[in-house]
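Scroll down for the structure; my scribbles are underneath it.
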Amino acid sequence: MLDGSDLVAFVASCDLDASDRFYRGVLGLELLESSDFANAYDVNGTQLRVTRVEAVAPASYTVAGWRVADLAAAMRALRAAGVVFKRFDGMAQDEHGVWLSPGGARVAWFADPDANTLSLQQAPQS
């Protein structure tokens, strides 16, 4: 039924100004719309709505992620912008914080200003 419709993704934030500095300033997303209730960004044709809430309920999982062609390059660029990559107990991450999935994808995680966990993923090398 919805297979021909565009997806809109949502992330919660207590501080839309701080989120805008991160999503637009650090991640380089284009701001499409801004109101007292949400900021909307273009993510390669998909809309990401960062919605204002009174309190963000921390999730123990990834809430949004990006597939990238070159994980190392993307991580270098984000580190240069001040992003710190996360490490998780019990996960075999390399010295850069990259985890190799059983299927061969390489994944790294980081957080936005509201501690929402975000990820980068590079497809397995063929």
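Taken together, the values in this text are just the output of simple stated rules run on the coordinates, not laboratory data. Because the structure is a prediction, the values reported are computed rather than measured. Glycine gets a Cβ as well: all are built from the backbone with ideal geometry, and neighbour counts include every protein chain shown.
The residue among His96, Leu118, Ala12 whose Cα reaches farthest toward the positive pole of the charge dipole of the chain, with charges on the beta-carbon of Lys, Arg, Asp and Glu, is His96. Toward the positive end of the charge dipole of the stretch 8-122, with +1 on the Cβ of Lys and Arg and -1 on the Cβ of Asp and Glu, the farthest Cα among Ala57, Val84, Gly28 is that of Val84.
Here the Karplus curve 6.51 cos²θ - 1.76 cosθ + 1.60, taken at θ = phi - 60°, turns the phi angles of the stretch 116-121 into couplings of 5, 7, 10, 9, 10, 9 Hz, with x standing for Gly and Pro. Counting only DSSP beta bridges with both residues in the stretch 8-122, the antiparallel share comes to about 65 percent. Measuring nothing but how far apart in sequence close Cα pairs (under 8 Å, 6+ apart) lie, relative to its length, the chain scores a relative contact order of 25 percent.
Restricting the stretch 48-94 to chymotrypsin sites (Phe, Trp or Tyr not before Pro) that sit in a DSSP loop and have at most 12 other Cβ atoms within 10 Å of their own Cβ leaves Tyr61, Phe88.
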